[in-house]
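*Asks:* I'd like to ask some things about the structure below.
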Amino acid sequence: MPSTGLFFLPIAPNQPSPSALLVSHISRSFPAETLPTFHLDHRLFVDTSSLLPNSDTSLRRYTSILTLCHSPGTTYVGTTPPKEKPPAAASDPPATSPTSTLITIPSAHADPFTQLIGTKLQSHWAHRQSLVVDNGTALALQHEEWIVRIGDVRTPTGRSGQQTASNLRGMIVEVSFNDTTSVRPGRKDSADQQDTQHSGVGKDDETLIRGFLDSLFDGTGVQMASSRALFRNTRSTNPEDKDRSGVADWDLASLYMDMLRTPR
């Protein structure tokens, strides 16, 4: 069962990204196999009621539209559940949070679906931000036991199509360790995504992933101490899954949505 760590390193305005340096260092220092380009597209909406004056932003709900290179032809749509205020009295029973809604649509429908939310449902949802990774790098190490993806997170370009330092938000690094002794079977329907609540990574695997990342970056001067990190069990690096078209990885999608809600 693969364990995945996702790291986001914020980059200050007008500062360069270290991604090219890191990719060059890893390629020179380790026997790595280049994989298909790493790319993603994340569009975030928030419920309009949370934007009203004096509203409690801790109760804010989100809808994400996420396209990942890991699942060709598939776009994920996720909506966080309504949050409830804590009980007024200690004797009140704690509220149970409903499971997040997560479905897939064909990637060809991502733009029309985004337009639908932004127009027909604009009284309920307001666009918050869009983020993309274009032409990122994916590398396999140690016979695909480790998969590393590195990319620059940016806001989409304007009409000129020119990337500038001003639209750079940070660098994202995905590190997946493929434990070949325990491979989870694929899950292809939305009902199965309920298992994501049981997909936490143990402390040993988290330490292993952090240690491997530190070894890759050793000698580059890049410090990941200030990065935000999330961990989850996924199915994204099973080497037997050569054709991933139409195969959903609910845990990986949820991991990326959780991470990409915050950069602004």
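Every read-out reported here was derived from the displayed coordinates using simple, explicitly stated rules and does not represent laboratory data. Model, not experiment: these values are computed from the prediction. Neighbour counts are summed over all protein chains in view; Cβ atoms, including those assigned to glycine, are modelled from backbone coordinates with ideal geometry.
*Asks:* What's the Kirkwood radius of segment 1-155 in Å, using all Cα pairs?
*Replies:* About 18.6 Å for segment 1-155.
*Asks:* Which ordering of LYS203, LYS83 is given by a fewest-first count of other beta-carbon atoms within 10 Å? Can you show the working numbers first?
*Replies:* Numbers: LYS203 8, LYS83 14.
Least to most surrounded, the residues fall as LYS203, LYS83.
*Asks:* Further question: Using amide H atoms built in the peptide plane, which far-off residues or other-chain residues are under 5 Å from GLN129 H to H?
*Replies:* Answer set, sorted by chain and number: LEU44.
*Asks:* Separation between the GLN15 and SER107 pseudo-spin-labels, each 7 Å from Cα along Cα→Cβ, expressed in nm?
*Replies:* Distance between the two pseudo-spin positions: 3.2 nm.
*Asks:* Out of residues 5 or more away from ARG61 or on other chains, whose amide H comes under 5 Å of its own, with H placed 1.01 Å from N in the peptide plane?
*Replies:* ASP47
*Asks:* Can you tell me the FRET efficiency between ASP179 and ASP214 if r is taken as the Cβ-Cβ distance and R0 is 30 Å, rounded to the nearest 0.05? All intermediate terms of the calculation are to be shown ahead of the outcome.
*Replies:* On the way: r = 20 Å, r/R0 = 0.66.
The computed FRET efficiency comes out at 0.95.
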